[in-house]
Amino acid sequence: MSKGLVIVESPGKAKTIQKYLGKGFTVEASLGHVKDLPKSTLGVDIANDFDTDYIVIPGKEKVVAKLKKLAASADSIYLAPDPDREGEAIAAHLADELDENGSKKKKKAKKGEREAPPRIQRVTFNEITKRAVQAAFEHPRAIDQNLVDAQQARRVLDRLVGYQVSPLLWDKVRRGLSAGRVQTVALRLIVEREREIKAFEKKEYWTIDAHLAASKPPAFDARFLGKGEEKIEIPNGEEAEKIRAALETADWIVRSVDKKERRRNAAPPFTTSKLQQDSSRKLRFSVKRTMMIAQRLYEGVDLGEEGSIGLITYMRTDSVRVAPEAITEVREYVGKEYGQTYLPEQPNTYKEKKDAQGAHEAIRPTSVMRHPDQVKQYLKEDEYKVYKLIWQRFVASQINPAVFDQTTVDIDAKAKTNSDVYWFRVTGSVLKFDGFLKVYEESKDSKDDEDEELKHKLPALEAGQKLTLKALKPEQHFTEPPPRYNEASLVKELEERGIGRPSTYAAILSTIQERQYVQKLGGKFVPTEIGLVVTDLLVENFRDIFDVQYTARLEEELDEIEEGKEKWTDALGDFYKKFQKDLKYAEKHMENIKRMEKPTDEKCERCGAPLVIKWGKHGSFYACSTYDKDDPNTCTFTKENPINLPDLDSADMQETGAAEEYCENCGRVMVLKRGRFGQFMACTGYPDCKTTRRLDQGKKVPDIPLDELCPKCGRNMMIRHGRFGEFTACSGYPDCKYVKQNFIGVKCPECKDGELVEKRARKGNTFYGCSNYPKCKFTSANKPIAEKCPKCGSEYLVEKNLKAGPVIACPNKECEYERPAPSPLPESAASASAPSHSA
């Protein structure tokens, strides 16, 4: 009998931990969540205090069976998923499944703990190092029920919204759409920004720069501020010309010189959102990509003779706290490598956010002594870049401030043609001591005043000194609308508004792109036509649920549940009162709304009636306005709509279409190429990086990274797009050729051993077959349902789509059993709100 069974989420993490624990322990991976709410039903009993019906996730039965077998022969079971809500929920579900194999004697739970047998214990660690792992196993604890409740509350909230709102979108826009509690609010921000840009009215203004020289070089530029002590704007060219004419013969004299020392402090070590933002700006990595790389660095990388080592601390955190031993180590490193002038007298400390989870640390290297260049040979290119970013930010956070000498010079231009005195100013900065800038500089969304100041090199100047005018440079400008969101700025906005949590941002950004609600043009988010339609419909009819402030308040309530301040069922009860009110309003208000369509000036080529724009699976299309699905004699004319994006003017195209596109995997520039199936974008890093993106009628169809892990090699799975549609496969292809089968949760009626999976034929048609193929050759063109035929006793029924509408029917041709199908629950909503944390 083994000393202990340890269960983690991923094979990579299991490999690293096994090395630290030794032969007495067996370390296995659950491959993420093992239980979830069912896809085919709501899975939540609202009337019974939101009681949940969790089931083993289809396809995970073998994983659970293996863990149960190992648990039966183990003295102790240690549940070691990640130290957050999702990890705690995985541990709780594992405990529920493994409980039946162990002691029935339960340990009485304290407040906030979950009741479990004494041999099942929870261990957590913030970093996967020998010291941290062994310390965690010396102090195991009970499962934290407050954390489990917070995760369950979020899961139920997302399920209620996804399953009860999405059918309205199916009915009024098109089938397959989904609504999400947080994703819809994120989409709303993008749509509102787009409309703000469209409604923006440009306003003309002018600047005047004077190129001046003193008795000694260099010459410099000063900018017009106003007249006398009053700041004024120059509204047009006529006014600019009047001022320019007066300045031509003016006397230029230095009014004042203000010199001061300015300090710039280092930024704190990374939180999740700050890492996502900096990686997006500096490395041009998507948020999803950054988190996948950080996950690998946390779980462990093989460093040759050292074996597998976790290089960074846990990467889902909103805390800037650092362990005392890590502070001591980095201060020793700074003093030794950079000298005592760079080392602060006392460690730098940083203020925590109000809602930060203090139990976690900031993201930092597990040992600052592992310099990025020392481990570079063991890392992939993208891993090295992210590790270097984390290492530099952490080291810089414990270095003295950078010091600048800043000089501000105010200048008077006394006009001879009138009595006006025109006011000009120039500010210059000189770096006096580089401090933390020697190691790292935080990225910015755009250039700021400091960047401009550093460009200005000023001669020695003093008050009353005369200057010589070399040239005047009037320039016309126009005010600019706010920029479209990119990944970094959207994450920043979500965090500042309290929408979602940093650990969920990657899933939010991926979902709104997967659903084709937004597209990325030149790295900026632009809402698609369908995104605009969905947002308008949901925001108009669900004013409470998709309100930005209310969504932020719900996140605060989840934090309060985690802290044990509020019962999860009470929070859900308050939410459901608002939700029910919105749902009733929407159902009543939308009852008489025809399926959404947009009138056009175009005429039907068949009958001459006006055409309208409708939305289908592949975007918008033109259809005859006389079409009625209940009347087979109406006109069925349709034609393709070549434009599936909002109208973009020339300025928009300069901002988006003309901008370079960067590889989401390695950050290199993408280039346009042509292949067997048409044009596509490819990474210039080929063959090191094989990233490609199809160009499909102007629509992006990128491969979408998932948090789900490959059961064969432990790498992340991806949604890929092939000639016959979408499929999920290992990101390690061609090294690993694993392709996930789409189980539908029905046992094979023929061999009774396999499970039925959704498959796609070469012509693109969907059919259903047995997972034991080629041993079992059962197939069905219609989707089977695990229900016996009440008329002939057939082992299963099937879903059929007839002209009169969908029906449930018997597959036996001699049997005529048939009944109308119930309104379908949106499976897309299920996947939108499913747990995203798996490793």
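Observations
- Residue in the stretch 490-501 that is touching an Asp or Glu at 6+ places or on another chain (Cβ under 8 Å), modelled with pLDDT under 90 and charged (D, E, K, R) present: yes
- Number of positions in the stretch 461-481 that are under 41 Å from the mean Cα position of the chain (by Cα) and either farther than 26 Å from residue 406 by Cβ or at pLDDT below 95 (or both): 5
- Every residue from the stretch 15-27 that is part of a strand (DSSP E or B) and in contact with a Ser or Thr (Cβ under 6 Å, 6 or more places away or on another chain): 26
- Residue in the stretch 799-810 that is modelled with pLDDT of 85 or more, buried (at least 17 other Cβ atoms within 10 Å of the Cβ), touching a Leu at 6+ places or on another chain (Cβ under 9 Å) and not in a loop (DSSP other than H, G, I, E, B) present: yes
- Yes/no for residue 755 being over 29 Å from residue 630 (Cβ atoms), at pLDDT below 90 and in contact with a Pro (Cβ under 8 Å, 6 or more places away or on another chain): yes
- Some residue of the stretch 160-171 being under 28 Å from the mean Cα position of the chain (by Cα), crowded, with 17+ Cβ neighbours inside 10 Å and of a type in the set (Phe, Trp, Tyr): yes
- Test: residue 543 is surrounded by fewer than 21 Cβ atoms within 10 Å (Cβ to Cβ), among the basic types (Lys, Arg) and under 29 Å from residue 150 (Cα atoms): yes
- Residues being farther than 13 Å from residue 226 by Cα and open to solvent by 10 Å² or more (accessible area, probe 1.4 Å) - total across the stretch 404-414: 4
- Count of the stretch 494-540 residues which are open to solvent by less than 40 Å² (accessible area, probe 1.4 Å), touching a Lys or Arg at 6+ places or on another chain (Cβ under 7 Å) and polar (S, T, N, Q): 3
- With respect to the conditions (1) modelled with pLDDT under 90; (2) small (Gly, Ala, Ser); (3) open to solvent by 20 Å² or more (accessible area, probe 1.4 Å), residue 135 falls short on a single one, namely (1).
- The stretch 236-250 - residue that is part of a loop (DSSP other than H, G, I, E, B) and either over 44 Å from the mean Cα position of the chain (by Cα) or modelled with pLDDT under 95 (or both) and, of those, surrounded by the most Cβ atoms within 10 Å (Cβ to Cβ): 250
- Look at the stretch 709-731: where a residue is closer than 19 Å to residue 757 by Cβ and among the β-branched types (Val, Ile, Thr) and a partner is at pLDDT 80 or above and assigned to a strand (DSSP E or B), sitting 6+ places away or on another chain with Cβ atoms under 7 Å, you get 719/728; 728/717.
- Neighbours by Cβ (under 7 Å, 6+ apart or cross-chain): first from the stretch 323-351, closer than 21 Å to residue 390 by Cβ and in contact (Cβ under 8 Å) with a residue 12 or more places away in the chain; second open to solvent by less than 60 Å² (accessible area, probe 1.4 Å) and charged (D, E, K, R): 323/361; 326/364; 343/331; 347/331
- Cross-chain or 6+ apart pairs with Cβ under 6 Å, the stretch 411-428 first and within 9 Å of residue 251 (Cα to Cα), then among the basic types (Lys, Arg): 412/255
- Annotation: residue 427 fulfils all but one of (1) in contact with a His (Cβ under 8 Å, 6 or more places away or on another chain); (2) open to solvent by 70 Å² or more (accessible area, probe 1.4 Å); the unmet one is (2).
- Enumeration of residues in the stretch 204-219 that are modelled with pLDDT of 95 or more and open to solvent by 40 Å² or more (accessible area, probe 1.4 Å): 204, 205, 206, 211
- Residue 68 within 27 Å of the chain's Cα centre (by Cα) and basic (Lys, Arg): no
- Flag for residue 64 being surrounded by 17 or more Cβ atoms within 10 Å (Cβ to Cβ), touching a helix residue (DSSP H, G or I) at 6+ places or on another chain (Cβ under 9 Å) and part of a helix (DSSP H, G or I): yes
- Some residue of the stretch 290-298 being over 23 Å from residue 491 (Cα atoms), modelled with pLDDT under 95, open to solvent by 10 Å² or more (accessible area, probe 1.4 Å) and outside any loop (DSSP other than H, G, I, E, B): no
- Filtering the stretch 452-483 to residues that are among the charged types (D, E, K, R) and out of contact with any Ser or Thr (no Cβ under 6 Å at 6 or more places or on another chain) leaves 452, 455, 457, 462, 466, 470, 473, 480.
- Selected residue (criterion: nearest to the chain's Cα centre (by Cα)) from residues of the stretch 345-378 that are surrounded by fewer than 21 Cβ atoms within 10 Å (Cβ to Cβ), among the aliphatic types (A, V, I, L, M) and modelled with pLDDT of 95 or more: 368
- Pairing residues of the stretch 766-785 that are in contact (Cβ under 8 Å) with a residue 12 or more places away in the chain and among the aromatic types (Phe, Trp, Tyr) with residues that are in a loop (DSSP other than H, G, I, E, B) and surrounded by fewer than 14 Cβ atoms within 10 Å (Cβ to Cβ), at Cβ distances under 7 Å and at least 6 apart in sequence or on separate chains, gives 767/761; 767/781.
This table checks each residue for (1) outside any loop (DSSP other than H, G, I, E, B); (2) open to solvent by less than 20 Å² (accessible area, probe 1.4 Å); (3) touching a residue at least 24 places away in the same chain (Cβ under 8 Å).
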| residue | (1), (2), (3) |
| --- | --- |
| 572 | yes, yes, yes |
| 589 | yes, no, yes |
| 622 | yes, no, no |
| 628 | no, no, no |
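- Residue 833 at pLDDT below 55, open to solvent by less than 30 Å² (accessible area, probe 1.4 Å) and farther than 30 Å from residue 631 by Cα: yes
- Residues in the stretch 28-61 that are in a loop (DSSP other than H, G, I, E, B) and among the acidic types (Asp, Glu) were compared, and the one that is farthest from residue 296 (Cα to Cα) is 49.
- Scanning the stretch 461-483 for residues that are within 30 Å of residue 195 (Cα to Cα), in contact with a strand residue (DSSP E or B) (Cβ under 8 Å, 6 or more places away or on another chain) and part of a loop (DSSP other than H, G, I, E, B), we see that the one that is most open to solvent (accessible area, probe 1.4 Å) is 483.
- Failed item, numbered, when residue 150 is tested on (1) under 25 Å from residue 558 (Cβ atoms); (2) small (Gly, Ala, Ser); (3) at pLDDT below 90: (3)
- The lone criterion from (1) among the acidic types (Asp, Glu); (2) at pLDDT 90 or above; (3) open to solvent by less than 40 Å² (accessible area, probe 1.4 Å) left unmet by residue 49 is number (3).
The values are calculated or read from the model by the stated rules, or taken from the named source; none is laboratory data. These numbers were taken from a predicted model, which means no experiment stands behind them. All Cβ positions, even for glycine, are placed from backbone atoms using ideal geometry, and neighbour counts span all protein chains on display. Note: areas computed on protein heavy atoms with side chains; ligands, DNA, RNA excluded. Shrake-Rupley method; radii C 1.70, N 1.55, O 1.52, S 1.80 Å.
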